[in-house]
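Input: a single structure, listed below in structure tokens.
Each reported figure results from applying straightforward, stated rules to the coordinates on display, with no laboratory input. Just so it is clear, the structure is predicted and the values come from calculations on it, not from any experiment. A quick note on method: Cβ atoms are made from the backbone with ideal geometry, for glycine too, and the neighbour counts reach across all protein chains shown.
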Amino acid sequence: MKKRMISLMLALVMLSCFCGTVANAEKTTDVQFYFAIVAGGALQQTMDAFVSEFNETHPEYKVEMVYTGTNDDNIIKLQAAAQAGTMPQFYVAPYNDLYLLDSLGIISSMDDLVAADEDGEAYIDSFLDSFIRDSYIDDHLISIPFARSCCIFYYNKDAFREVGLDPEVPPVTWDDLVEYAQKLMKTDANGNVERYGFGLCENQGHSQWPYSILTAQNGGVSNSAAGTETYFTSEASINAGQWWVDLHHVYKCVPDYLLAFEDMPNMFIDGKLAMMQHTSGNLTNIYSNADFEVGVALIPYSKIQTSSTGGQCFFMSPDCTPEEREASWRFIRYCTEPEQQARWCAACGYLATVEGAYETDIMKEYMEKVPGVQGALDQLHAGAVTEIATYECHQMWSLVNDYVQAAIMQDMTVEEAMTELQKKADAILSEYR
């Protein structure tokens with residue numbers, strides 16, 4: 001009886017050890033992230049695939065994704081989560097929200113993760129310079145480029161042929177652009193416009209993007225690198241704004257209303273815009289749906305050939321456990337490996353953020369189908385500044401939109417609009433200086 005009791009006890013001990021081993025083997029680190037995108041379409045499908053694949057191949061981690069809607073919705077939900085103490089471990093947000101996120105106290109440096117990663121420095125060096133440069137505050141890495149883009153120049157080669165322009169010779173300067181745009185204007189027998197020569201986005205929430213580009217092309221900058229100063233009353237800024245207004249009222253080669261960012265791709269595809277300045281994120285859409293030959297070129301400029309970057313990055317929240325930080329880092333790295341970045345670019349039209357992606361078969365095949373990707377890369381290498389990025393950036397963008405629109409609608413002169421804009425910008429940013 002005694003021997004049987006001892007044997008039973010040993011069996012129980014062994015069973016306990018086995019169960020403990022199984023429990024430890026099945027232990028996972030759970031992390032959650034917010035993804036700023038309206039649910040649906042290729043973006044959601046591709047990110048869903050990344051999450052599913054990562055969870056299957058990394059059983060020690062479990063990643064949960066939460067779709068938060070628009071970028072504005074995302075910021076509101078992040079602020080609410082911060083106040084409630086329910087922040088996700090990491091999230092995707094616009095790259096130039098970095099100062100806003102810093103002021104809210106909801107980002108943390110990733111320097112330690114890079115240092116602890118055996119090839120961390122090589123990983124960071126693998127990103128395109130025009131993208132990774134936007135990921136630092138005071139030399140500390142605070143984001144990882146993910147869904148990034150560049151503003152590029154699209155043009156309708158068939159329309160060029162129609163009016164006697166060489167489809168292989170796009171406009172180079174602002175003067176060329178005006179000349180081409182006027183030739184490309186098309187009206188019906190009653191004088192109604194059927195096709196506009198050119199288009200820039202001018203609606204609320206978007207006109208700050210072309211404004212930063214025009215200012216940079218004219219030799220100026222919109223804000224300081226620290227995000228605490230703006231330069232809207234500089235000569236470069238005012239002259240850029242005046243040229244934009246003149247497109248409407250002097251050259252009359254753009255729509256006679258405020259053109260919406262969201263409407264422009266379909267207007268271009270439908271032949272209602274012969275040329276436009278828009279995000280590279282629309283490359284797949286435009287090449288898939290246009291029934292004419294699409295051209296992509298460097299954006300025409302005044303003094304300096306440059307554009308502006310756009311898109312989103314991964315940010316990591318503060319107050320995560322070491323295990324949560326490691327899990328988040330591993331998933332971020334997975335999404336930014338060359339193969340995944342190539343898949344993301346091919347599915348969605350965003351530019352792959354790492355050099356190695358362009359050597360993959362996926363990307364080579366995609367670039368054969370969508371040759372405009374090379375044009376976007378050419379623009380990045382030729383020059384692409386950071387979009388307006390300051391503290392209180394959403395408020396700043398709203399003000400820029402208001403005053404650009406006021407100048408275009410001729411409610412104010414450009415100089416009056418920029419003077420008022422600068423006063424309000426100074427009042428907002430003074431506390432951060």
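Placing unit charges on the Cβ atoms only, positive for Lys and Arg and negative for Asp and Glu, gives region 125-254 a dipole magnitude near 380 debye about its Cα centre. Only one of (1) 151; (2) 167; (3) 273 was calculated from the structure for volume of the Cα convex hull per residue in Å³, and its label is (2). Placing a label point 7 Å from the Cα of residue 378 along the Cα-to-Cβ direction, the residues of region 287-328 with a backbone N closer than 15 Å are 294-301, 305-307.
Relative to the longest principal axis of the Cα atoms of the chain, the long axis of helix 414-429 makes an angle of roughly 20 degrees. The residue list 150, 75, 305 was ranked by how far each Cα lies along the charge dipole of the chain toward its positive end, using unit charges on Cβ atoms, and 75 comes out on top. Simple spin-label estimate for residue 288 and residue 246 gives 4.0 nm between the two label positions (7 Å along the Cα-to-Cβ direction from each Cα). For the residue pairs 157/272; 272/369; 77/423, the C-alpha atoms sit more than 19 angstrom apart in 272/369; 77/423. Approximating the spin labels as points 7 Å out from Cα along Cα→Cβ, the residue 72-to-residue 161 distance works out to 4.3 nm. From the residues 126, 169, 159, which one has its Cα farthest along the dipole of region 88-195 in the positive direction, the dipole being from +1 and -1 charges on Cβ of Lys/Arg and Asp/Glu about the Cα centre? It is 159, whose Cα lies furthest towards the positive end. In region 338-395, the ratio of gyration radius to Kirkwood radius, Rg to Rh, stands at 1.10 when only Cα atoms are counted. Averaging the sequence gap over all C-alpha pairs within less than 8 Å and six or more residues apart, then dividing by the number of residues, gives the chain a relative contact order of 24 percent.
The magnitude of the dipole of region 18-169, with charges of +1 and -1 set on the Cβ of Lys/Arg and Asp/Glu and taken from the Cα centre, is near 580 debye. Placing unit charges on the Cβ atoms of the charged side chains and taking the dipole of the chain about its Cα centre, the candidate lying farthest along the positive direction among 373, 182, 383 is 373.
Calculated [222 nm] ellipticity per residue, helices only, for the chain: -15000 deg cm²/dmol; basis is -39500 (n - 2.57) per DSSP H run with n ≥ 4, divided by all residues, nearest 500. Between 0 and 90 degrees, rounded to the nearest ten: what's the tilt of helix 322-335 against the longest Cα principal axis of the chain? Approximately 50 degrees, to the nearest 10. At an R0 of 45 angstrom, the distance between the Cβ atoms of residue 304 and residue 27 translates into a FRET efficiency of 0.25. Site pair residue 176 and residue 103 shows an inter-label distance of 4.0 nm when each label is modelled 7 Å from Cα along Cα→Cβ.
For the chain, the longest principal axis of the C-alpha atoms and the axis of helix 174-184 are separated by about 80°.
The charge dipole of the chain, taken about the Cα centre with unit charges on the Cβ atoms of Lys, Arg (+1) and Asp, Glu (-1), comes to about 1100 debye, rounded to the nearest 20. Three principal axis extents of region 158-299 based on alpha-carbon atoms, in descending order, are 49, 33, 28 Å. Ellipsoid fit via the Cα gyration tensor, region 73-119: semi-axes of 23, 13, 9 Å, each the root of five times an eigenvalue, largest first. The mean sequence distance of close C-alpha pairs (under 8 Å, at least 6 residues apart), as a share of the length of region 350-433, puts its relative contact order at 19 percent.
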